[in-house]
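Data block below; observations after.
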Amino acid sequence: SFSRYRALLSQSSRAAIYLKGSSDYGALSDVERVQFGAIMDEYLFSYSSLQHRVLEGTFDKVDWNVHLVGLREFLAEPGVADWWMQHKHRFRPGLVSDIEQGDG
């Protein structure tokens, strides 16, 4: 379900906000923060959905771990890390744990 995330980034104005926010979340205007947040929500909720499939046994755990590596690298970007610290409480504790503690 990453297709909605990709669709958001296919729009040049949103891609610019994504790039700006990824490097410096604090540099975004209030409106840009809302837009960046929508992109991030879509991205993280896609991971949440994927994790749910792992828990159901319909997605391979090894593949999940590979996906987590990329997600952790992305969340290490300065602006993304700032956003994550402010918004991670909105995601399932199991997802936050998998991301932050490497329980994948």
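The values are calculated or read from the model by the stated rules, or taken from the named source; none is laboratory data. Small disclaimer: the values here were computed from a predicted structure and weren't measured. Cβ sites come from the backbone with ideal geometry, for glycine too, and all protein chains shown count toward neighbours. Keep in mind that these areas ignore ligands, DNA and RNA; they rest on the heavy atoms of the full protein, side chains included. Shrake-Rupley method; radii C 1.70, N 1.55, O 1.52, S 1.80 Å.
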Where a residue in the range 10-27 is closer than 22 Å to ARG72 by Cβ and its partner, wherever it lies, is of a type in the set (Gly, Ala, Ser) and open to solvent by less than 70 Å² (accessible area, probe 1.4 Å), with Cβ under 6 Å and at least six apart: GLY21/GLY79; SER22/GLY79; SER23/GLY79; ASP24/GLY79; TYR25/GLY79
Note down all Cβ pairs under 7 Å where the first residue falls in the range 64-93 and is within 17 Å of LEU28 (Cβ to Cβ), the second is surrounded by fewer than 17 Cβ atoms within 10 Å (Cβ to Cβ) and aromatic (Phe, Trp, Tyr), and they're at least six residues apart or on different chains. VAL80/PHE74
